[in-house]
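Below is one structure, written out as structure tokens; the observations come after it.
Please treat every number below as a calculation from the coordinates, not as lab data. Nothing here was measured: the structure is a model prediction, and the numbers come from that model. Because the Cβ atoms are built from the backbone with ideal geometry, glycine has one as well, and the counts that use them run over all protein chains shown.
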Amino acid sequence: MQFSKIRLTGFKSFVDPTELVISDGLTGVVGPNGCGKSNLLEALRWVMGENRPTAMRGGGMEDVIFAGAASRPARNYAEVLLTLDNSARLAPVAFNDAETLEVVRRITRDAGSAYKTNGKDARARDVQMLFADASTGAHSPALVRQGQISELINAKPKSRRRVLEEAAGISGLYQRRHEAELKLNGAETNLARVDDVVEQLESQLNALARQARQAMRYRSILDELRKFEGLLLYRRWRESDLALTLAVEQLTAATKLAASGQRGAAQAATLRLDLEGKVPPLREEEAVAGAIVQRLSVERDALGDQESRARATIETLCNRIEQLGNDIERESGLNHDAGETIKRLDWEFEAIVKASEGQDRRIEVAGVEAHDAAAAMQEKEADLDRHNEDVARLAARHQSAHRMM
């Protein structure tokens, strides 16, 4: 495999997409200090899997992204694409299906870096192994940076051995052996864990067997329980079906009853309308009756007052009648006394006439007395007649008062 070209976009000082063709033979990059010659070498290291920020002369891996200048804004990503010629089919088997290999590494701010080979996502280790198998890579001795020759002269034997191994093309084998050893150690660890798990499983086997028997019994009981639950559900379904049938019948009867009730309500509404039509005359009659009742109440109160006055008058008349009765009795007694006096005077007169027929004077006196007694008697009789008239008049008023009551 041979490098054919490299393209840089936003990598350090290469803000614009820059493509460098690497032809057969010797290719030189000449320029003054600060033109980006070292950046080009670092781009090769970076695309081949270099992950140390110090190797990129930065404090962090994001420092490889163009940070901006006075006239150019900063970029948000950096990308390096390395094209390899694989016409000789010397690439690893996983990458040996194409004549050209394109390895792309892209880093984005706050998102990290990612690799792609021929447009497919790849792991950093896969890319590193690709270049290690080709006797190159980010740490290849063919890539000599500033001060590396003096470091190699003063290096320790272990560091020199690593350089020689990389130059001999066996660093990939060591890398793969290291990975194989790691996998073997992991497999041994897994086997030890498997043995532990087997021991644990053997210790749990009896418990699992007991649990299996319990599970079988549980399944049997569960089957019976499901059977009985099915029977219970069927019975409940039958009961629900019968209840549904009964409910439908009740609903039908209730519907008929509701229809009958609606007809009754309609009839009641019609009757109500008829009665509401009859209400105004009845209210008028009620008003008339109320007026009559009011008038009768007033008349009743007036009759009550008249009754009270009549009772007072009757009481007064009764007292008057009683007084007149007493007067009549007294006058009757006086009349009786006057009659007795008249009889006595008549007897005396006759006796006097017989005794002294010649005494005219005495006869005249007796006659005058008799005349006076007769006049007094007539006056008493007139008083008696007047009292009788008063009694009759009071009796008539009494009867009239009783009729008014």
Take the chain, connect every pair of alpha-carbon atoms lying under 10 Å apart with a spring to form a Gaussian network, then pick out the residue of V194, V368, V29 with the largest mean-square fluctuation. V368
Once amide H atoms are built 1.01 Å from N in the peptide plane, which residues 5 or more positions from K12, or in another chain, come under 5 Å H to H? I65, F66
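Just flag the trypsin sites (Lys or Arg not before Pro) in the stretch 41-119 sitting in loop per DSSP whose Cβ has no more than 14 other Cβ atoms within 10 Å. Let's see the in-between values first.
Details: sites: R45, R57, R75, R89, R105, R106, R109, K116; in loops: R57, R75, R89, R109.
Passing both the DSSP loop test and the Cβ count: R57, R89, R109.
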Label points 7 Å out from Cα along the Cβ direction at R300 and E202: separation in nm? 12.1 nm
Springs between alpha-carbon pairs under 10 angstrom, Gaussian network model over the chain: which of H139, H371, H178 fluctuates most? H371
Please give the length that would be gained between R219 and L257 if that part of the chain were fully extended, namely 0.36 nm times their separation in residues minus their C-alpha to C-alpha distance (nm, one decimal). 8.3 nm
List the aspartates and glutamates whose alpha-carbon lies under 16 Å from that of K343, not counting same-chain residues fewer than 8 positions away? E369, D372
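If I take every Cα pair under 8 Å that is 6 or more residues apart in the stretch 44-131, average their sequence separation and divide by the length, what percent do I get for the relative contact order? Before the final figure, lay out the partial values.
Details: 125 pairs, mean separation 21.5, N = 88.
Answer for the stretch 44-131 is 24 percent.
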Report the label-to-label distance for A287 and V93 in nanometres (one decimal), using points 7 Å from each Cα along the Cα→Cβ vector. 12.0 nm
How many times 2.2 N^0.38 Å is the alpha carbon radius of gyration of the chain? 3.60
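Looking at the calculated P(r) for the stretch 1-140, what percent of the C-alpha pair distances fall above 22 Å?
Working: 3558 of 9730 pairs.
Counting pairs separated by more than 22 Å, the tail of P(r) holds 37 percent.
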Rank the residues S4, S297 as a footprinting-exposure proxy: fewest other Cβ atoms within 10 Å of their Cβ go first. S297, S4
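At a threshold of 8 angstrom on Cα-Cα distance, excluding pairs fewer than six apart, so keeping six or more, what relative contact order does the stretch 1-148 reach in percent? Please report the intermediate quantities before stating the final value.
Working: 246 pairs, mean separation 36.8, N = 148.
With pairs under 8 Å counted, the relative contact order is 25 percent.
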Taking the mean number of other Cβ atoms within 10 Å as a proxy for protection, how do you rank 312-324, 199-211 from highest to lowest? 312-324, 199-211
Mind checking which helices in the chain clear 24 Å along their axis (Cα) and have mean Kyte-Doolittle hydropathy of -1.0 or more, DSSP H runs only? 171-355, 360-404
Which links in K12/K183; K158/K183; K37/K116; K12/K116; K5/K120; K120/K183 stretch past 29 Å when you go from one Cα to the other? K12/K183
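Give a quick list of GluC sites (Glu not before Pro) in the stretch 210-300 that DSSP marks as loop, anything other than H, G, I, E or B, with at most 10 other Cβ atoms within 10 Å.
Numbers: sites: E224, E229, E239, E249, E276, E284, E285, E286, E299; in loops: none.
Taking the stretch 210-300 and a limit of 10 other Cβ atoms within 10 Å, no loop GluC sites (Glu not before Pro) are found.
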For Cα pairs less than 8 Å apart in space and 6+ apart in sequence, what is the mean separation divided by the residue count of the chain, i.e. the relative contact order in percent? 9 percent
